[in-house]
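Following: one structure in C-alpha cells, then a few remarks.
Readers should treat all values here as calculations from the given coordinates under stated rules, not as data from a laboratory. Please read all numbers here as calculations on a predicted model, not as lab measurements. Cβ atoms come from the backbone with ideal geometry, glycine included; neighbour counts cover every protein chain shown.
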Ligand SMILES: C[S@@+](CC[C@H](N)C(=O)[O-])C[C@H]1O[C@@H](n2cnc3c(N)ncnc32)[C@H](O)[C@@H]1O
C-alpha cells in the first residue's frame, strides 16, 4: 500500500477529442499507484468501460467513475482533510512543493484538458508544474506520481490479475497460469 493515497480528477473530458488521452490518464494513474480516477466533463461510457475491463484483466482495485460536479467534489475532498494538487505549467516547481505535499494523508491530483477554470487554481492547496513548459496531462501525472512515491510504485503487484507479464529481454512472456493474447 503506497502512502499518501492519491485520487485523480480529470477535468473537461470531450467525447469527440479526448477518448484516448483520458484513457491513458486512467491507465497511468492505475499503473503508477493512484487508487482511482474521477472523470468529469462530458460523460463517456466507452472510457469507463474500457478502464474497468482493463482492471478486470490486469488486477488491482483501481476504480474509474464519472464525477458530474468536479468543483463540489474538490470542496468536499478538502473539507474531509484531503490535499488538492493541481498540475499546471503555471504552478510552482514540483521539487519545491514535494516535501510539503508528502506530509498529506490523501491527495487529489487534478489534471486538465483545455482551459482549467480559475476556481480550481484558487481551491488547490498546491498549483504544481512539472517543468514550466507545455506538454501533457499524461506526462505530468506520471512524473508527479513517480516523484511522490520515489519510484516505489514501479514494483507494485496487482492482486487477482488474470494477466501478468514475466519481464524478459526478448519476446513476450506471460505467467504460465494466465492466458496470453
Ligand atoms: C493541454 S495541457 C494544457 C496546458 C495548461 N494551460 C496548463 O495549465 O498546464 C492539459 C493539462 O496538462 C497538464 N500539464 C501540461 N503541461 C504541464 C506542465 N508543464 N506541468 C504540469 N502540468 C501540465 C495540466 O494538468 C493541463 O491542464
Open item on the list: Could you sort the peptides 159-171, 80-92 by per-residue average Cβ neighbour count (10 Å cutoff), highest mean leading?
Closed with: 80-92, 159-171
Open item on the list: Once each part is reduced to its C-alpha centroid, what is the distance from segment 111-162 to segment 6-36 in angstrom?
Closed with: 10
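Need the full-extension length gain, residue 75 to residue 150, defined as separation in residues times 0.36 nm minus the C-alpha distance. One decimal, nm.
So the extension gain works out to 24.2 nm.
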TODO: Over the alpha-carbon set of the chain, work out the extent along each principal axis and list the three values in angstrom, largest first.
DONE: 51, 36, 33
Task: Relative contact order of the chain, defined on C-alpha pairs under 8 angstrom at six or more residues apart (%) - done: 27
Open item on the list: Suppose R0 equals 30 Å. What FRET efficiency, 1/(1 + (r/R0)^6) with r the Cβ-Cβ distance, do residue 114 and residue 170 give to the nearest 0.05?
Closed with: 0.10
- [ ] Provide Rg over Rh for segment 3-56; use the alpha carbon set for both Rg and the Kirkwood Rh (inverse mean inverse pair distance).
- [x] 0.96
Open item on the list: Counting only helical runs of four or more DSSP H residues, what would the 222 nm mean residue ellipticity of the chain come to if each run contributes -39,500 (n - 2.57) and the total is spread over all its residues?
Closed with: -10500 deg cm²/dmol
TODO: Round to the nearest 10 and give me the degree value, 0 to 90, for the angle of helix 70-79's Cα axis relative to the longest principal axis of the chain.
DONE: 80
Task: Angle between the chain longest axis and helix 137-148 axis [Cα atoms, degrees, rounded to 10] - done: 90
